[in-house]
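Student: Just passing along the structure, written as structure tokens.
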């Protein structure tokens, strides 16, 4: 890709040992400003809606079950969220979406306002004549957290806002043109409906449901819809075939609502539930008893402002502030609320569960989020951590293992690893007490020994996963080792010595995949031999040795134990040389390479998650300053304020979480030990809101686009020599001050006693 070539040229010209400050950019030197209160004004939901960001564009509240927004015709990978900035055809407004994922699903309960004759056809991208769809232009579109509006080319203006479980629509029809609403239960976003139902309950109320198969093996959404104008008729259709009035059940039901007296303005409430239409009505009654659109919008805006206030940054760089708060916004779109106001929800086993002691969530993109988003929640959204863990444990009860990639009541089993395990371990090790630790530990070990989990029998029987028996075996094995390390640490704290010994041994299984003759991780065959021939540049999506990656990238995938990796690669100097090479080397990944491998600097791939910790490995070998170089470069090059401003899939907040945590000046490399490794803080000051009214202030003196290197550090006014900080020290509140400069202080963090260390 062009970006890769440009970056590599720059990096090669700089040389490994040469200061990179000449082309490493950050925000402009900030000056103190008045305290920001309207954080929403800095959010641009278009960022990441172009290229391959796949972000949700529409109206929601933080973690809301309802995400109401525009939907385009699904045309493949870049429409995973249902919307892409490049598009110009809208087919309606749907109530559920994914944000940043690499697979498509949802798009439930599609509502399209139109005028003229009754019709139901969707049309095609190059021909919407006679269809309900409409062209649109971005200049007639407005979006901000909790609000979306669009004046479509068909003359109808739509405005959308939401509570947690209810969407509120407001439509303005052109004068003199009869207005209709198409309720399309056939159309989703890349899935297939298999049973749908629509019924007129009274002249103001409809109900229905949509059952579908997609990325999630099962998805059931029930809804109740109410209007502020009386309904003259509900015409129902089997797809596009007329089927009478008022009620219909079928594979792909559509309905057209016509209102009495042809009103120019119509409002609609749509409440959803995974349980029943009755529960959807209860959700509506509890959350939205009125029709005041502006009030709902302002309430949603307030909820977003309250959530975004978790971090306050001080800078005059408006662009940097926009990128930062948009990233924070993206972090709170998912996971999504997955229970009704009465505590009921539909489980993985299609049974109805009821609980009011904790809040149930779903949409867990765990292979992505366990790396940064979930550890960051323990700092800036601690109120969500216990509920997330309890949601995991509920899923374990339903399916016999912790979630892998859980989507709206269904397990996708997507991606390697059992990545909920480090999330649970991290929560326990950081002192969260809102879940049963014994139950959690049993769920973790039960998942790690579940013989139905991909390749686990090989781990139990052979101690490794043979590449000639399992696709992507080596990356699966490396992920399992990182996960098992978290089980070991939790077992140690709980006094379970045998479990500790067992899972620490498993956590070190990564070592057997290193071929010291070539200094690379290498796939191992069933007979114990190395895969031959082997090319560490090669990537074959889905059926190769590595998940969305190469041997170069996975050689550095030991976040749980960088010290062990350093030893394997020959000590500090050899490790640094190898790591430097990662950011420099060029090679052909082959025709079958995953499109997810993006944002390349050499073979470092920031657009995909396995690389996200890698820039922070230098301090483990005593060269923190190189982390500062890499992090600042990545921040500036791969995070922009444009629609294509996210270099890879957003992945339910992970890509943004990397930016947010790195902007604070540190990163948790091991997902389960609370050690935050220093990078290069982006802002003059950032204040993290903590529990009990405390704050943790991060100050970067002399910070600007050239002064990217840490010269010295103080913690609460006392000299601080370490190149990392512990979670417990952050949560006490206080002040961490960095003094920045334009040349490296190569002694900072260099002494072995000042380097980050993995807990064992």
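Student: For 370, 464, what ranking results if the residue with the fewest other Cβ atoms within 10 Å of its Cβ goes first?
Tutor: Listing 370, 464 from fewest to most nearby Cβ atoms yields 464, 370.
Student: Another question, if that's okay. What does the C-alpha gyration tensor say about the overall shape of the range 312-671? Classify as rounded when a/c is under 1.5, otherwise prolate if a/b is larger than b/c, or oblate.
Tutor: On the way: a/c = 1.58, a/b = 1.13, b/c = 1.40.
Here the range 312-671 falls in the oblate category.
Student: If I model a spin label as a point 7 Å beyond the Cα along the Cα-Cβ vector, how far apart are those points for residue 302 and residue 115 in nm?
Tutor: The two pseudo-label positions are separated by 3.6 nm.
Student: Quick one: if you stick a label point 7 Å off each Cα along the C-beta vector at residue 442 and residue 127, how many nm between them?
Tutor: 6.2
Student: Ranked by Cβ crowding within 10 angstrom, fewest neighbours first, how are 43, 266 ordered? Before the final figure, lay out the partial values.
Tutor: Working: 43 24, 266 21.
Least to most surrounded, the residues fall as 266, 43.
Student: Run lengths n ≥ 4 of DSSP H only: what is the helix-derived mean residue ellipticity at 222 nm for the chain, with -39500 (n - 2.57) per run over all residues, to the nearest 500?
Tutor: On the way: 18 runs with 195 residues, N = 760.
Calculated from helices alone, the mean residue ellipticity at 222 nm is -7500 deg cm²/dmol.
Student: Nearest 0.05, what FRET efficiency do residue 751 and residue 691 give at R0 = 35 Å with Cβ-Cβ as r? Let's see the in-between values first.
Tutor: Working: r = 34 Å, r/R0 = 0.96.
Efficiency computed from Cβ-Cβ geometry: 0.55.
Student: Let me ask you something else. Please give the peptides 416-422, 499-505 ranked by average Cβ packing (other Cβ atoms within 10 Å per residue), highest first, as a rough proxy for protection.
Tutor: Numbers: 416-422: 27.9, 499-505: 17.9.
In decreasing order of mean packing, 416-422, 499-505 become 416-422, 499-505.
Student: Then there is this: Length gain on complete extension for the stretch residue 644 to residue 142, per 0.36 nm per residue less the alpha carbon to alpha carbon distance?
Tutor: 178.9 nm is the gain from fully extending residue 644 to residue 142.
Student: Please work out how much length the chain gains when fully extended from residue 356 to residue 202, using 0.36 nm per residue of separation minus the C-alpha to C-alpha distance, in nm with one decimal.
Tutor: Values: separation 154, 0.36 × 154 = 55.44 nm, distance 3.19 nm.
Full-extension gain reported as 52.2 nm.
Student: Students often get this wrong: which residues of the range 564-594 have the backbone nitrogen under 12 Å from the point 7 angstrom along Cα-to-C-beta of residue 537?
Tutor: Under cut-off, by backbone N: 585-591.
Student: Mean 1/r over all different Cα pairs, inverted: what Kirkwood radius does the range 39-305 give, in Å? Please list the in-between numbers first.
Tutor: Details: mean 1/r = 0.0554 Å⁻¹.
Computed over Cα pairs of the range 39-305, the Kirkwood hydrodynamic radius comes out at 18.1 Å.
Student: For residue 721, put the label point 7 Å out on the Cα→Cβ axis and report which residues of the range 731-760 keep their amide N under 17 Å from it.
Tutor: Within reach of a label on residue 721, which here means backbone N under 17 Å from a point 7 Å along Cα→Cβ, the range 731-760 contributes 745-757.
Student: Right, next: Hey, any idea what Rg/Rh is for the range 587-732, computing Rh the Kirkwood way over Cα pairs? Could the numbers behind the result be given before it?
Tutor: Working: Rg = 16.1 Å, Rh = 16.4 Å.
Radius of gyration relative to Kirkwood radius: 0.98.
Student: What FRET efficiency comes out for residue 501 versus residue 86 if R0 is 60 angstrom and r is the Cβ-Cβ distance? Round to the nearest 0.05. Each step should come with its number before you reach the end.
Tutor: Working: r = 54 Å, r/R0 = 0.90.
Once rounded, the FRET efficiency stands at 0.65.
Student: Another question about this same structure. Can you tell me the FRET efficiency between residue 245 and residue 278 if r is taken as the Cβ-Cβ distance and R0 is 30 Å, rounded to the nearest 0.05? Display every interim value, and only then the final one.
Tutor: Details: r = 23 Å, r/R0 = 0.77.
According to the calculation, E is roughly 0.80.
Student: Compute the acute angle (0 to 90°) between the alpha-carbon long axis of helix 497-507 and the principal axis of greatest extent of the alpha-carbon atoms of the chain; round to the nearest 10°.
Tutor: Compared with the principal axis, the helix lies near 90 degrees.
Student: With both bridge residues required to lie in the chain, what share of the DSSP beta bridges run antiparallel, to the nearest 5%? Present the calculation step by step, with values, prior to reporting the outcome.
Tutor: Numbers: 114 of 120 bridges.
Within the chain, antiparallel bridges account for around 95 percent of the total.
Student: For the chain, what is the relative contact order in percent, using Cα pairs closer than 8 Å and at least 6 residues apart in sequence? The partial results should precede the final answer.
Tutor: On the way: 1922 pairs, mean separation 105.2, N = 760.
With pairs under 8 Å counted, the relative contact order is 14 percent.
Student: Expressed as a rounded percentage, what relative contact order does the range 165-306 have, with Cα pairs under 8 Å and six or more residues apart? Display every interim value, and only then the final one.
Tutor: Numbers: 315 pairs, mean separation 43.1, N = 142.
Averaging sequence separation for qualifying contacts and normalising by length gives 30 percent for the range 165-306.
Student: Another question about this same structure. Taking Cα atoms, how many degrees apart are the long axis of helix 437-448 and the longest axis of the chain, rounded to 10 and kept between 0 and 90?
Tutor: 80
Student: Follow-up question, since we're still on this one. Output needed: percent of Cα pairs per 10 Å distance bin for the chain, bins running from 0 to the one holding the longest distance.
Tutor: Result, from short to long distances: 3, 15, 25, 25, 18, 10, 4, 1, 0 percent.
Student: Further, regarding this structure: Taking the alpha-carbon centroid of each part, what is the distance from the range 651-724 to the range 419-448 in angstrom?
Tutor: Using only Cα atoms to place each centre, the spacing works out to 26 Å.
Student: Sort 350, 580, 340, 567 so the one with the fewest other Cβ atoms within 10 Å of its own Cβ comes first.
Tutor: Values: 350 11, 580 18, 340 27, 567 14.
Fewest to most other Cβ atoms nearby, the residues stand as 350, 567, 580, 340.
Student: Which order, highest average first, do 375-381, 531-537, 124-130 follow once you tally other Cβ atoms within 10 Å for each residue and take the mean per peptide?
Tutor: Values: 375-381: 23.3, 531-537: 14.1, 124-130: 11.0.
Going from most to least packed, we get 375-381, 531-537, 124-130.
Student: Kindly express, to the nearest 10 degrees and within the range 0 to 90, the angle between helix 293-308's C-alpha long axis and the longest C-alpha principal axis of the chain.
Tutor: The angle comes out at about 10 degrees.
Student: Which stretch or stretches of the range 65-85 have amide N atoms under 16 Å from the point lying 7 Å from residue 295's Cα along the Cα→Cβ direction?
Tutor: Answer for the range 65-85: none.
Student: Order 445-453, 144-152 from most to least packed using the mean count of other Cβ atoms within 10 Å. Before the final figure, lay out the partial values.
Tutor: On the way: 445-453: 16.8, 144-152: 21.4.
Order by mean packing, descending: 144-152, 445-453.
Student: Measure out, as a whole number of angstrom, how far apart the alpha-carbon centroids of the range 282-345 and the range 145-176 sit.
Tutor: Centre-to-centre distance over Cα atoms comes out at 18 Å.
Student: Given contacts defined as C-alpha pairs under 8 Å and at least six residues apart, what's the relative contact order of the range 568-631, whole-number percent? It would help to have the intermediate numbers written out before the result.
Tutor: Numbers: 55 pairs, mean separation 16.2, N = 64.
Answer for the range 568-631 is 25 percent.
Every number in this text was worked out from the coordinates using simple rules, so none of it is lab data. These numbers come from a predicted model, not from an experiment. Counting neighbours? That spans all protein chains shown, and the Cβs are built from the backbone with ideal geometry, glycine included.
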